[in-house]
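One structure is given here, and the rest of the page talks about it.
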Amino acid sequence: MSQKSLPEPDSSAFHSQYPSIEHLRERARRRVPRFAFEYLEGGCFSEVNLRRNTEEIREVRLHPWYLRDYAGADLRTEIFGQTYEAPFGVAPIGLQGLVWPRATEILAKATSQHQVPFILSTVATASIETVAEITGGKAWFQLYHPAEPELRDKLLDRAREAGFPVLVILADTPTFAYRPKEIRNGLSIPPRMSLRNIVQMMMRPSWCLGQLAAGAPQFQTMKPYIPKGLNMKHLGLFMNRTFSGRLSADKIKAIRERWPGKLVVKGIVTPEDAELALQLGADGLIVSNHGGRQLDAGDSTIRSLAGLQREFGCRTTLMLDSGVRSGPDVACALASGAKFVFMGRSFMYGVGALGPRGGDHTLIMLKRQLRQVMEQIGCERVADLPKHLLLLRE
């Protein structure tokens, strides 16, 4: 889909009725069918770790300096040789177009305008080539490692040819998660439409009209490799077989040998995995627990980050994903040792709430929030936020 066909968001727009992610979430909840909304925000099992992620980020305290000279806040951040206009970007989410029509394209366009990174999932609803066109080849690509090396190499080659500078390989999904909301709603890959889900869709007319205009969401990057004529059941079986398997040292070695750009491993939470990833040639690590969608009994991302920062903060680029919902959350993650932060649900709430304007609004809002925190505590540069770290409660 061409970038030109996307509605042009007003880069100066800020919707005062939705000044927080919580306000966006509530409006999105009223506009998105329940089964799709629960797919977006649900976690595994009892959703303990989903809640813990955000709750423990908010246990971080920042130390303000009120009587020092202050020249103002600069949000610009350099990472992997590229300067971005803010220290956060859009995390990868599969099936974005199920939550809101053309959500992948909307967010890719917004990040391009605001000059922050967008990470495209292998199972997103826009292709590598479409997102490359929208972002000028500046997006990052997250690889769900296929079971077959031949398919892996084809995906890597397409991402390289599209100009993507950073490859993210996913480590924290060695098995399919047990998510009660998705099981109850009949959601699988691809989603099955029960009578209850159809009724929910009919109660969300804006979503329905958008889907009619955009067409049914599909795995656009994977489309060339999916056998034609599969019904929903067999398509689900195909996707399950295609992406089964655990990431290993040998798999990372093979990717490192083929991928010429920066390589990031996402889902790292322990020193042992961090050490091995660096030995295998990773340029950076994203501390993540898949948004609390895989392991309910795990640690929060902010605690994992705090542990890794002490040993690896000076050795590699540490980033954080999962649980971040506001500018203060971003500031606390950066103060705790992350050099960059990614958010998934937060941006999807924005798109679900405001459609084509949602990505732009959410980026403006988060920038304003982060700037206010930095101005309040007297921090001029993002890199100086760790100097303001007061504590992370044990």
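The values are calculated or read from the model by the stated rules, or taken from the named source; none is laboratory data. These figures come from a predicted structure and were not determined experimentally. Positions of Cβ are backbone-derived with ideal geometry, glycine not excepted, and every protein chain shown enters the neighbour counts. Areas reflect the complete protein model, heavy atoms only, side chains present, ligands, DNA and RNA absent. Shrake-Rupley method; radii C 1.70, N 1.55, O 1.52, S 1.80 Å.
Tabulated data for the structure shown
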{"quantity": "Pick from the stretch 343-370, criterion buried (at least 18 other Cβ atoms within 10 Å of the Cβ) and among the charged types (D, E, K, R), ranking: farthest from V99 (Cα to Cα)", "calculated": "K367"}
{"quantity": "Residue in the stretch 60-78 that is most open to solvent (accessible area, probe 1.4 Å), counting only those that are of a type outside the set (A, V, I, L, M, F, W, C) and closer than 14 Å to Q372 by Cα", "calculated": "Y66"}
{"quantity": "Hey, T221 farther than 15 Å from L278 by Cα and at pLDDT 95 or above or not", "calculated": "yes"}
{"quantity": "Verdict on E22 being open to solvent by 90 Å² or more (accessible area, probe 1.4 Å), within 23 Å of G97 (Cα to Cα), of a type in the set (D, E) and in contact with a Lys or Arg (Cβ under 8 Å, 6 or more places away or on another chain)", "calculated": "yes"}
{"quantity": "Complete set of residues in the stretch 371-394 that are modelled with pLDDT under 95 and open to solvent by less than 60 Å² (accessible area, probe 1.4 Å)", "calculated": "L392"}
{"quantity": "Flag if E105 is of a type in the set (D, E) and open to solvent by less than 40 Å² (accessible area, probe 1.4 Å)", "calculated": "yes"}
